[in-house]
Every structure is written in structure tokens, then in C-alpha cells.
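Note sheet for the following structure.
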Amino acid sequence: MSMINHDTDPSAIRYGNASEFGAKVARVQAAGNDGVRMPEGLENKRPDRAWSTRRSGRQDNQLKRFPFVGFLSVAVLAFLYVPMMIVVFFSFNGGKQALLWQGFSLRWYGSVFTNGAIVNATETSLIVAVIATVLSTALGVMYVLAVDHMSRAGSALASMLINASMLIPEIVLGVATMAFIRLIGLAPGFVPLVLAHTTFCIPFVVMPIRARLATIDHACFEAAEDLGASGATTVMRVTLPLLVPGIVSGALMAFVVSMDDFMISNFLTTAGTTTLPIYIFSLIRKGVNPSVNVVAALLLLLAVIVTVTSTLLTNRKDK
Amino acid sequence: MSGATPNSKTATTQPAGEHDKRDEHGERPAWTRWFASAHPVKPGMLNRLWSVPSILIGLLFTLGPIGVIVAFSFMSRPDMGGGVVFRFSTDAYEKLLFRHDYFGNRSFDARYLAVFGTSLWQALLTTAICVALAFPIALWMSMKSAKVQQILVLLVTIPFWTNLIVRTYAWMLILNENGPVNWLLRLLGMGSQQLLYTSFASVIGLIYTFLPFAILPMYSALSGFDFRLVEAAYDLGAHKPTVMRRVILRAAMPGVMSGIALCFIPAFGSYVQPVLLGGGRVLMVGNLIASQFAEARNWPFGAALSTVILAVTLLGALAASIMGGMASRKAGA
Amino acid sequence: MNSAKPLVARDPEVERRESGLTINRARKTFRSAEGKEVHAIDDVSIAIRQGEFFILLGPSGCGKTTLLRSIAGLESLDAGEIYLGNQRIDQLAPYDRPVNTVFQSYALFPHLTVAQNVAFGLEMEHKPKDEIKKTVQEMLDLVHLGEFGGRRPNQLSGGQQQRVALARSLAKRPKVLLLDESLSALDFKLRRQMQIELKRIQRETGITFIFVTHDQEEALSMGDHIAVFSKGKPEQIGTPEEIYNEPANRFVADFIGDINFVDAVTTGANGITVEGVPFKVEQDLSAWPTGAEISAAIRPERIELTAPRDTALKGTVETLMFMGADVRCEVRLTDGTKLLVRLSPPYDTAVLHQGATVSVNVEAAHIRVVER
């Protein structure tokens, strides 16, 4: 690693007089590859390296210690996690009340899994989320691949349309969707719910796919066509396989976003399409509830699984 | 998809379309050059038309509803029940600012402006605290080693994806009369306090919800920052506060702008936290609008409120993106 | 008052019949970011013989890569045709052309193994499985990577990736192989090895290679014919010797190797004067009027330095550097022009030492007249 590059000019190496050098070259070319040997100094020459790309200095650099920043940061991170930890803690409460600790027990977990209303609401949420995920992922992939080569104006317009649902406050979008449904004659129910979910899931699918596409060398696609793959074959055999980590990441995010949604679903539900967040909301409006502790802990687990999986996928750089 | 000839090496050339016809000099017709980029699909990509389904559904379920709600705000309310009557009227907007008494006299009504004010105040407070807390965290995170940074980002992102109701519920649990905080207060001899169902609780909930929204964009802006600039500044004799102000803050500004926008806009229209933690007794924009479409059954008024909120947040988003753009340029992005 | 026209290819009609690659009056224009029209390919006609190693040489932005991509089908021409033998190919999609490309970034498919990469083109042709397997192994053996079939591209070094890319393109037995600055990412030693490898493979397979580079040394050592490009047009097309010894104009003379430009004036069809001293010139100067101000382009190794004579061109030796295989010398003429001279040792130190006055002489065959 310590090959400091001398300023060696290859032509300054002594080969004796000119004609001997010419003869040597001729012998080498006749012998083939194995005859080529570089002089010592160049044998191990590495390509010149750029200056170190480390951005920050040593970790213990005193200059970077701003007072209290570390302490504050850890405190705030704790602030983010302690409430949820408390909820998880109380989900294992053996007592009848949500907050009065009466020993460790899984009774409430058992109770939740047999609670008809909760199970129904979860089922509804899952069905809606799965369908919305599938639809939004498909639409999102199609969108990203179609928009990649649009003109700047065209793609700006398109991305505004796609991301519109992220710019509008949820309460407004919720009531507006309800009004819109009413106007076009659809009764609130399963279909508009799924469609609305699909719509606000699309931006979350598009983002990681776009990010992933940017890391792929586009010359691969040209190479595929050069080697005889038609447009469709290139998409199927090269583009999509290479995008898989982004697609999976996007699908996971869409799933979570759909499962989490409250505001918009709230205005689109009927008796038969209560989703989990809506049901929980109605429960806790009346106060704390031990079943909700359990549901909360499980939803936290979902968030952890999705985030960790997504991070692992996007950080795998070998593809 | 791109109208290709079959995969055959001896295919004779077939013009794929009008744009492929050449004149006697071998030139394509001039007009095709306008669409030249339109026709051949980039290798590995799809034809533009494939974006139509998603654009369509985006139009239908975002612009459509928005259009409808704006339209509804100019309509009249039926005598009974919900819905609207298709008759133009600006009653809804008038109601925002004025009230009519029994005799038909019109006077200025500040109640709804007060509601806006309350929401605005809570949102500003939330945003200020979130941004103030997020900045040191983002700074601290960006100075760690790459591996640790990945873990920290993971830790900040998990709350981001946890259900909003669940996160709000956590504070209901904590601030409850029988919850840990009051337990601690009783232990310290201060007796139970009414912490839940107050504006205080609502703001705490909002801060808790939106803190990751502030941390992530700031971290993103700072993680691209070359800390050798800081070393260079010290080398030139600057003191820590100066360095902080002139070098680091300037680089983080685009992230700060994003954080402000991402916190303020949803906080302004929030519904869950004021209702669950604030008790729903204080009227805020979120539950005001919701009630118009539920018990109050005044759809046009709810629509008018929504339109105003929409206008305010869109203006805010526009301002934030402009200032973010300016900040990016100043930061040398 | 222009210089001699660039040497044009043989009659395109003739070339076409002989099944080489012919480019006829190709044109492609881009609109730059400021809205200006950029002629990336400006009315280019080139005939490339079947089975030769043809080089497109030029500085960056001169259009050589655009032309290569047009041959591959990755860019479309605004005007003109491209023929492969008798078959017109410029309107075919890239996947229909019997032409394959080795990309500068290698563009190996990261999600496939080396063997699967090489097999890709053959799978597109729907060849039977065992035939594909056999061909893949043959190709890998050809590039000396026979044992690497199971590896992934990210496990290979730069040089190995390049050879896989080569094998992948050759597997389809294209009529023409295009290489886009394929060696520029390799370090010095590997580059030299790969140059020899490429020449060997080209000779063994007999495929027409079209190679784009900006490195003139690489071009001179590898090419059968070279087209020197500037601003979308070929300034000269010829063999390495022709390009080096008989550059068509100032650009080519300057771009290839070291050269000295000396202000001179024409004196008829075969002579010039430099600072009043007459020199005979073998090149036909009838294109220039007598008394025209031109530049004499002279290669450093063709300059003879002798003891000063009154009638010869005089100069002062400013520096003298012993470089081992030769001696590098800088001589300043009376009008201020600095000449770079290369001599083979031994030399007479009495004549050549720092500060000595010398006479500068060049043989008629080695003076090349170009525009100023």
C-alpha cells in the first residue's frame, strides 16, 4: 500500500543503446505474452490513487465536539423509543386494567387473537393493504420505467400528479375523496377504499424504485439490445431483475402506509369495511384499553420488520 | 412495444413509421425531429404510455377530489341532512368571517379565525421544537462512522413507519392519571396532574409524531457535507460558534427547509392528536372540518374550510421549496 | 487557402460490394444545452474493409463515439446510410444488426454469472442449450478466462471484466465488433497487454474491429487504418505510417505524436523558405500559391543538427537531455521558434552542447506543409 509513485518516465529506463532495445522488443513480440516483463519499479505500480476520500477526520477529533450535542441526541432518541417501550411493556400486563401492573402474562395477546372485532378489522386492513400494494407496485413500476425518458416538463408534471397525495393535508384529502365518491355515484365501500389506498401508496413505491434505477449502469440495457434482446425482452430479463430490491422495498413501504392509514379510510368506510386503525381509534377514544396495548406492540413489530428488511435490501451494494 | 421487426439477421429494412421515411438526400422529414426523442424507447425502459394508468388514478383520486371540494365550497347546503345542493352560493366563505344574528345583521365573527389561530400556533410550536431538536441530532449522526450512521438512520426510521394511532396512544398511556408520569409525580409528592386531554398533551403528541420528519431531511443534507471544511475553518482561526453558524448551518439549510415544510404542513391539519390527546374539546382545524361532514352536516362550509387550508399549505409548500432551492444554491449543492 | 483535402476512402460503391462496412454521408445534429446546434457527425463517409482493425481517433467531443453508436444502432442518424456489405443496416434496431459492442463501462449484467453473461446473446438467438454451453466455454477460453464461468462480475478485476465483455460480444460471431474506448479504464501495464490480446483475437477470428480511442499511441500501434476525427468530420483516413509521416493538415499533424511547426513561405511547387533559407519539399505544393504563408510540420526525430554552416538554418541549443534510448534537444531558431529534436546517441559533444550554435537540416521527404 505504500507504493509512493516515483516520477518514473518509462523511456528513461536504461536499455543500453537503441538497437539492442529494438532487438529485445522484437524477441518479446515473437515470444508472446509471457515474454513481457516490466522493470522492477513498474511491476507493482498501482494506478494513482486520489487523495483520501474520508470526509471527516478521526472520530476522536476534539474539534468536532460541540457541547451537549451527544447528550441531547441520545436523550431525544430515548424520547422517541421510551413511549413505545412502555406500551410494549404493558402489553404483557397480567392484570385486567391497562395500566395497573399485575405480573407478566400473555393473556391479552390471547384475548386479542380471539377478539372477533379486532380480527375482522385486521383482516380487512390486510386485504386492502395487499391489494393496494399489488396495484400500486405494478402501477409504480410502469410509471418509473415510462417516465425515465420524458422531457423535463413532462416528467415534472407527471411527478406532481403522482406526488399530489403527499402535498395535501390528510383531513382535506379524506373529506374530499368522500365528496368525490359521492359525486361520481360510488357508495363508500371496498372498491373506493382500495382505489384511494392505491393512489396514496404510489409515491411511496416510486421513490425507492427511482433511487434503485439511478444506481444501475444504463449501458447494461444498451448492451442487452446490442446482443439481440428486443425492447420487451430487455425489460423482462434485465431491467426488472435489476430493480427487484427497489421494487420489494417500495412494496413494503406501500404495505405499511396502507396498513397505517386512518384519516382517508375513516371517511370511506361503511359498516363492513372497518380497518384496524379505525377500529382502534374508536376503542381508544373512550380511554386506554389493554387489547390496544397488544395491537400497538404488534404494529410496532411490523414497523421494525419492514424497516429492517427495507434497509438491508437497499444497502446490498453487490447488485 | 416499440414496433420492432422480428429478430432476424437478414431482415430487409422496413420503415417503422412515417418518421423513418427518407427523402432523396437521405434526410428524415423535418417535423420528425421534434418527436425524434419521443419515438425510440430508451433501452430497458417502457413506452411513455405505460405511465398513463398511474397518472390517471392520481388524477382521479387526488385532483378529482380537490376539484370537487373546491366546487362544493361554492355550493349551498340543503335544508336537511348532508350533501350539497347544486346552487351557487358564497355562504360558506361568508361564514368563515361573519355571522348573521337573528335579525339578519351581519357582524364580524372571529371564532373561526381563532380556530385557525390555535392550529397555527400549535403547528408553529411543534415545528419550532422539532427543528430545534432535530438539528443537533442530525449533526451528531452525520459525524459518526458510516456503519453507525446506518444503524442510527434505521433507529430514526422505525418510529416513522409506526402507526400514527399507536404512537399517539402511547402518550395516552403515559400521560394517563394512572400512567407512569403521574406515578412518578405522586412519588415525588406532587400529586396527580391532569396531563391528558390538554393542549400540552396534544403538542407533545405532535412533536413525537413529527420529530423523525424533521431529523431525516436534515441528516440527509448534512451527510453530504464534507467535514474537512470545518477543519479548514478552524485552521483559519474561526471559533466554534462562528464555524457552526457560517459553515455548518449554511450547509444544512436545505434540510432545515425541508424539515420545516414536512412538519408544519401536516401538523397544521392534524386531527388525531388534538382529538385523542387534546380531548377534542378545543376546536382545531382538523376536527372542525371533520365535524362539518359529520354532526354539523354543513358540507359547503367544511369544503370552504378545506379549500382555505389547502391554499395555505400549498403556498407554504411553494415557499418552502423556493427557499429550499435558494438555500441549496447557497450551500453549493 | 485551405490545405490539401483529407484523404478520402475508396469509392463507397466498391467497398460495399466487398462486404466491408460503409458509411455514406452520415449526419447527426444535437441541440446543446444553450440551444446551439452541434454537428456531432458532419457529412461523414468512410469505407472500412472487411476483416481489418479500424480505429476512430480523436479528442473528446469530436463525434467518434456518436458515430460508433450509430453503427451499433444506439443512436439514429439524421441523414445518410450505413451498409454492411450490400445490406443497409442504419434503419434496423440494434438487436437486428449483426454488429456487437464492447462498452466503455463493460456493462456486464450484475445479476448474472460470467457464463450467463456470455450466453446472453446466444439465448437471444434461441440456440440449443448444449450449443450455447459449448460456445460459452470456447469464448471464455479465447480470452483466457476458462475457469471463471461461475463467478459474478463484481468478483472480477477491471481487466477480467473487460475480457468477459469481449467474450460476450464475440460469442455471437458478429460481422463487426465495436469497441468504445474499452481500454481507457485499465492501468498502464494491463492496457499494453490487452492491446496485444485484442490484436491477436482480431487476427484469429477475422472479424472487423472498429475501435474508438483518444490515445494516439494506442491508435498507431493497433490500427490497420485510422480515421482522425475532429468536430464531427474525419480529417484524415489512412494507415498509421501515412497518418504519422504525411499528416493531411495541421490538426492531424499536431494530434499525432510530437511535431514542430515552423513558419515558412512557399516558393513554387516543391520548395519553401524558412527565415530565408530554402528547403526542398517532396510534397506537391501546387495547391498553394507561391509566397503563401504556411507551416512546415517536422517530426522531432527527422531533424538533423550539424556544425553551423553559413547557408543553412541556424539555431542555438538551449537544453540537452539524455533520455537513455535517445537524446532530447531543444533548439531555438533566430526568429524565436523553439524546435524539439530527438537524436539517437552517440553524438558529437563538440557540436552539440548547451549554448552551441548549430545548423538545422531536414530532408525533403520529411517536411510536411500544412496551413498556419
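Interface residues of segment A:112-151, defined as those losing at least 20 Å² of solvent-accessible heavy-atom surface relative to the isolated chain (probe radius 1.4 Å), are listed as A:Leu139, A:Met142, A:Tyr143, A:Leu145, A:Ala146, A:Asp148, A:His149, A:Met150.
When chain C is treated as a GNM with alpha-carbon contacts under 10 Å, the residue of C:Ala171, C:Ala33, C:Ala296 showing the greatest mean-square fluctuation is C:Ala33.
What the Cβ-Cβ distance of A:Met160 and C:Asn154 gives, at R0 = 56 Å and to the nearest 0.05, is a FRET efficiency of 0.90. Using the Karplus relation 6.51 cos²θ - 1.76 cosθ + 1.60 with θ = phi - 60°, the per-residue 3J(HN,Hα) values for segment C:36-43 come to 7, 8, 10, 8, 5, 10, 10, 6 Hz, with x marking Gly and Pro. Residues of segment C:314-353 buried by at least 50 Å² of accessible area upon assembly of all protein chains, compared with the chain on its own (1.4 Å probe): C:Met323, C:Ala325. Can you compute the FRET efficiency between B:Ser223 and A:Leu186 using 1/(1 + (r/R0)^6), with r the Cβ-Cβ distance and R0 = 41 Å? Round to the nearest 0.05. Rounded to the nearest 0.05, the efficiency is 0.35. Can you give the angle from 0 to 90° between the axis of helix C:158-170 and the longest principal axis of chain C, with both taken from C-alpha atoms, to the nearest 10? That helix lies at roughly 70 degrees to the long axis. Scaled against the 2.2 N^0.38 Å expected of a compact globular protein of N residues, the Cα radius of gyration of segment C:258-370 reads 1.06.
Antiparallel beta bridges, as assigned by DSSP with both residues in the protein assembly as shown, represent about 80 percent of the total such bridges. Taking packing as the residue-averaged number of other Cβ atoms within 10 angstrom, the listed peptides C:150-158, C:255-263, B:226-234, C:22-30 run from highest to lowest as C:22-30, C:255-263, B:226-234, C:150-158.
The C-alpha atoms of chain C define a longest principal axis, and helix C:188-205 lies at about 60 degrees to it. Once the chain from B:Val52 to B:Ala296 is taken as fully extended at 0.36 nm per residue, the excess over their C-alpha distance is 83.9 nm. Here the dipole of the protein assembly as shown is about 3720 debye; that uses its Cα centre as origin and unit charges on the Cβ of Lys and Arg (positive) and Asp and Glu (negative). For chain C, a Gaussian network of Cα nodes joined below 10 Å ranks C:Ala253, C:Ala119, C:Ala325 by mean-square fluctuation, and the top entry is C:Ala325.
With no solvent and one equal point scatterer per Cα, compute the Debye intensity ratio I(q)/I(0) for the protein assembly as shown at 0.07, 0.09 Å⁻¹ and report its log10, rounded to two decimals. Taken in order of the listed q values, log10 I(q)/I(0) reads -0.83, -1.13. A 1.4 Å probe run over the protein assembly as shown, with the rest of the protein chains in place, finds 47 Å² accessible per residue. In the assembled protein chains, C:Ser60 presents an accessible area of approximately 110 Å² (probe radius 1.4 Å). In this structure, the pairs whose alpha-carbon distance is over 19 Å, taken from C:Lys28/C:Lys231; C:Lys64/C:Lys233; B:Lys42/C:Lys64, are B:Lys42/C:Lys64. For segment A:215-225, the Karplus equation 6.51 cos²θ - 1.76 cosθ + 1.60, evaluated at θ = phi - 60°, returns couplings of 8, 8, 6, 5, 4, 4, 5, 5, 4, 4, 5 Hz by residue, with Gly and Pro reported as x. Between B:Leu314 and B:Leu283, how high is the FRET efficiency from 1/(1 + (r/R0)^6) when r is the Cβ-Cβ distance and R₀ = 35 Å? Nearest 0.05. According to the calculation, E is roughly 0.90. Here the gap between C:Ser344 and C:Thr29, fully extended at 0.36 nm per residue and compared with their Cα-Cα distance, gives a gain of 108.6 nm. Net charge in the neighbourhood of B:Tyr197 (other residues with Cβ under 15 Å of its Cβ; Lys, Arg +1, Asp, Glu -1) is +2.
For B:Met326 and B:Phe108, the difference between the fully extended length at 0.36 nm per residue and the C-alpha to C-alpha distance is 74.5 nm.
The order of the peptides B:248-258, B:104-114 by mean Cβ neighbours within 10 Å, most packed first, is B:248-258, B:104-114. Mean residue ellipticity at 222 nm, helices only, chain C: -7000 deg cm²/dmol; runs of at least 4 DSSP H residues each add -39,500 (n - 2.57), and the sum is divided by the number of residues. Helix C:129-142 axis versus longest C-alpha principal axis of chain C: approximately 20°, rounded to the nearest ten. Ranking C:Leu177, A:Val119, B:Thr313 by Cα position along the charge dipole of the protein assembly as shown, where only Lys, Arg, Asp and Glu carry charges on their C-beta atoms, puts A:Val119 farthest toward the positive end.
The values are calculated or read from the model by the stated rules, or taken from the named source; none is laboratory data. Every value quoted in this text rests on a predicted model; they were computed, and no experiment measured them. Here the Cβ is made from the backbone with ideal geometry for all residues, glycine too, and neighbour counts use every protein chain on show. These area figures cover heavy atoms from the full protein model, side chains too; ligands, DNA and RNA do not enter into them. Shrake-Rupley method; radii C 1.70, N 1.55, O 1.52, S 1.80 Å.
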